[in-house]
Amino acid sequence: MKILVLFLFIISLLFADASNKENSYNLGEGVKVADLPLYIGGYISLDYRNKNSENKYRIDDIALLSYGDYKKVSYMAELEFKQFYTLYERDGNYTSKAHTPLHVERLYLDYNFDENYMLRLGKFNSQTGFWNLLPINVLRDTTSNPVSTIILFPKFTTGVYASYTSYKEGEFKIDGMLQHTKDLDSTYNNYTMDEHYAMGVSYGQDSLQFKFNMGLFDSYQPNNLTAKRYYALVALKYERENYQIVSELGSQTSKERFTTAYAGYLQGLYRFTEQHAGILRLESYDDRVAQKKDNIAIFGYTYRPSYPVAIKAEYQVHTLKKENQFLFSFSVLF
Amino acid sequence: MQFFLKILILSVLSIHIEASEYVVVANKNMQAVSLGQIQALFLKKSSYVGETKVVPLNLSSRNLVRESFEKKILHMHFSRLKSYWMKQHYLGHRPPISMKSEASIKAFIEKVDGAIGYIKLKNVDKKTKILYKWSD
C-alpha cells in the first residue's frame, strides 16, 4: 500500500511539474524533469476475464518509465508491479491474490556509434517479431497476446544487443542478441534461462515490413536440468492509415524433436474512426510440450477516447472449447 | 483584354505553384542525405548522419507545411503519427522539437551544425542547404 501511495505521489509531482512548463503535459507523452536528460512516464492496466464460469478482475500493470539521452548514450528503466491484485469469483465465492514486489521489466543503456551501428547492454524486450517489441496492454491491439508470442522465444533478454541499420533505400536492419548470464529479473520472463543467442534481419519500405528471427536458448526444466531450444520466426506487417495486417509464424525445436511444431497468427485491424477499431485475429499452434493444439478466432473492439487511453473488449473462440473466453480491459499510458 | 486575362491567370497559377513547393533544409555543413534517411531522422529511428548528431525540427502541429511534409515525406497522417509517438515514448524516443515559424527554423539551422527542418521553397536563402525538394 505504501508503495502505491508513493507511486501516486510521484505521478502527482510530475503533473505539478508539467503545469509549470511552457509545453504543457500531454497524456501519453511523459514529462521532462527540469533540464535533466530525464523523462518520466508510466502506464496502468486493469482487466477482466470470464472463462469457464469464473470471473477474474485484475489490476495487472502499474509501471513507471524513465529514460533520457546524453550525447551518444541513452538509457531506459522500467519498473513494474505486475499482477498487482487479482480477485476471482466462482459461484458467488471470492478469493483474491496480491503481488506487491516491484520488478525490473527493462533496464538498459544504448550506445549509438553513428548512423548505422548501435549497442545495447542490460535487460530488454527480445527484439523478435513485431508484437514483442510493444507488448504492453495500452499499445497492443487486443487485451490478449497471441500464443505464439508466449511459447516460441524468451520475451526478455539480459545481455548485449547490437544492430546495423541502413536507411538508404528503405530500412534494412541486421541485429543480434547475446545472453550468457542469469536474467536480471526473471519473474515474468516466460522462460527461466541463462543463455540466449539470436539474430534477426528486417526490411521495410513505406507501409510494408518483413522480419526474420532465429535463435537458441537454454531453459531450466522442472527437474533443474537445462534443455536447449532452437526457434525461428517470420513476421510481416502492412500498415495504412485505416487498416493494418500483421502476421507472425514460427517453430521451436529441441535437439530431439519439435517442441512447438508451429505457432502463428494473422491479424487484421480496421480503424472505423480515429477512436474506434475492429480486430480479427486467427491463431493456430501445436505445443508438443504442453500437449496442446488449438485454433483460435478472436473478435476484438477497441475504443480510444484519445490514443493513450484504451478500452478493449474481445471474445475468443477456441477449438479447445473450454478455452473460450471474454476479455475486457482499461489501460492508460502516461 | 484576352491577353491581360491570360497574364492574370498565369500569375495566379505561378503564385499557387510557388506556394506549394517545399524543401528539407539543413545547416551548410550537413552532407547530402537520401529520402530514407530524412524519414528515419524525423521519426527518430536514427539520430545521426554519418557521425554528425542531427536535431530534426518540426513546425507546430496543424501547420500546412508540416501536414504536407508528414503526408508526402513521412507517408503518415496526423492520427497515425500520434499513435507512432505514443509507441516511441514506451521505447524511450521523443518527437522532434517544434518551432513556431519557418523563420525560427532557419535561425536555428544557421546556428546548429546538425539541425534539419523543412520550409517553403520561396523562404530559402543562401545560409541554408537544400537536401530534398517536394511539392503538393
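The values are calculated or read from the model by the stated rules, or taken from the named source; none is laboratory data. Every value quoted in this text rests on a predicted model; they were computed, and no experiment measured them. Virtual Cβ from ideal backbone geometry, glycine too; neighbours counted across all protein chains shown.
Considering A:GLY176, A:GLY204, which residue is touching a Ser or Thr at 6+ places or on another chain (Cβ under 8 Å) and small (Gly, Ala, Ser)?
A:GLY176
What tally of residues in segment B:40-52 results from selecting those that are under 21 Å from B:LEU81 (Cβ atoms) and either in a loop (DSSP other than H, G, I, E, B) or more than 9 Å from chain A (Cβ to nearest Cβ) (or both)? Don't jump to the end; show me each part of the working.
Let us first name the residues in segment B:40-52 that are under 21 Å from B:LEU81 (Cβ atoms), namely B:40-47.
Still in the running and either in a loop (DSSP other than H, G, I, E, B) or more than 9 Å from chain A (Cβ to nearest Cβ) (or both): B:42-47.
Residues that pass the stated criteria total 6.
Collect the residues in segment A:300-326 that are surrounded by fewer than 16 Cβ atoms within 10 Å (Cβ to Cβ), among the polar types (S, T, N, Q) and under 16 Å from A:ARG140 (Cα atoms), keeping them in residue-number order.
Passing the criteria: only A:SER306.
Within segment A:134-186, how many residues are farther than 18 Å from A:LEU269 by Cα and within 14 Å of chain B (Cβ to nearest Cβ)?
Within segment A:134-186, residues that are farther than 18 Å from A:LEU269 by Cα and within 14 Å of chain B (Cβ to nearest Cβ) number 13.
Is at least one residue of segment B:67-75 touching a Ser or Thr at 6+ places or on another chain (Cβ under 8 Å), crowded, with 21+ Cβ neighbours inside 10 Å and not in a strand (DSSP E or B)?
no
Looking only at segment B:111-136, count every residue that is in contact (Cβ under 8 Å) with a residue 60 or more places away in the chain, over 15 Å from the mean Cα position of the chain (by Cα) and loosely packed, with under 14 Cβ neighbours inside 10 Å and tell me the total.
Result for segment B:111-136: 1.
Can you tell me how many residues within segment B:23-39 are within 12 Å of another protein chain (Cβ to nearest Cβ) and β-branched (Val, Ile, Thr)?
So the answer is 2.
What pairs come up if the first residue lies in segment A:271-299 and is surrounded by fewer than 19 Cβ atoms within 10 Å (Cβ to Cβ), the second is part of a strand (DSSP E or B) and among the β-branched types (Val, Ile, Thr), and their beta carbons are under 6 Å apart, counting only those six or more places apart or on different chains?
Pairs that qualify, where the first residue is surrounded by fewer than 19 Cβ atoms within 10 Å (Cβ to Cβ) and the partner is part of a strand (DSSP E or B) and among the β-branched types (Val, Ile, Thr), are A:ARG288/A:THR259; A:VAL289/A:THR259; A:ALA297/A:VAL317.
Out of the residues in segment A:171-189 meeting the condition of being crowded, with 18+ Cβ neighbours inside 10 Å and within 30 Å of B:TYR48 (Cβ to Cβ), tell me which one is modelled with the lowest pLDDT.
Selected residue: A:LEU184.
Filter segment A:84-103 down to residues that are touching a strand residue (DSSP E or B) at 6+ places or on another chain (Cβ under 6 Å) and closer than 26 Å to A:THR157 by Cβ and give me whichever is surrounded by the fewest Cβ atoms within 10 Å (Cβ to Cβ).
A:HIS99
Considering only residues that are more than 19 Å from the chain's Cα centre (by Cα) and part of a strand (DSSP E or B), which ones fall in segment A:180-198?
A:ASP194, A:GLU195, A:TYR197
Applying the selection to segment A:49-62, what residues are more than 29 Å from B:PRO95 (Cβ to Cβ) and either within 14 Å of chain B (Cβ to nearest Cβ) or not charged (D, E, K, R) (or both)?
A:ASN50, A:ASN52, A:SER53, A:ASN55, A:TYR57, A:ILE59
Could you grab the pairs with beta carbons closer than 8 Å, sequence gap of 6+ or different chains, first residue in segment B:63-92 and away from every other protein chain (no Cβ under 11 Å), second one of a type in the set (Asp, Glu)?
Note: pairs meeting the criteria are B:VAL65/B:GLU102; B:SER68/B:ASP136; B:LYS72/B:ASP136.
Of the residues A:LEU36, A:LEU46, only one is at pLDDT 85 or above, away from chain B (no Cβ under 13 Å), touching a strand residue (DSSP E or B) at 6+ places or on another chain (Cβ under 8 Å) and in a loop (DSSP other than H, G, I, E, B); which?
A:LEU36
Taking the options A:ALA310, A:ALA297, name whichever one is within 21 Å of the chain's Cα centre (by Cα), within 14 Å of another protein chain (Cβ to nearest Cβ) and modelled with pLDDT of 95 or more.
Testing whether each residue is within 21 Å of the chain's Cα centre (by Cα), within 14 Å of another protein chain (Cβ to nearest Cβ) and modelled with pLDDT of 95 or more leaves just A:ALA310.
Take the conditions surrounded by 16 or more Cβ atoms within 10 Å (Cβ to Cβ), of a type in the set (D, E, K, R), within 14 Å of another protein chain (Cβ to nearest Cβ) and assigned to a strand (DSSP E or B) and apply them to A:LYS211. Does it pass?
Numbers: surrounded by 16 or more Cβ atoms within 10 Å (Cβ to Cβ): yes; of a type in the set (D, E, K, R): yes; within 14 Å of another protein chain (Cβ to nearest Cβ): no; assigned to a strand (DSSP E or B): yes.
Criteria not met by A:LYS211.
Does segment A:235-242 contain any residue that is among the small types (Gly, Ala, Ser) and either over 30 Å from A:GLU195 (Cα atoms) or free of Cβ contacts under 8 Å to residues at least 60 places away in the same chain (or both)?
No, segment A:235-242 has no match at all.
Can you tell me which residue among A:LEU65, A:LEU79, A:LEU87 is in a strand (DSSP E or B), within 25 Å of A:ARG120 (Cα to Cα) and more than 12 Å from every other protein chain (Cβ to nearest Cβ)?
Values: A:LEU65 fails: more than 12 Å from every other protein chain (Cβ to nearest Cβ); A:LEU87 fails: within 25 Å of A:ARG120 (Cα to Cα).
Going through A:LEU65, A:LEU79, A:LEU87 in turn, the sole match is A:LEU79.
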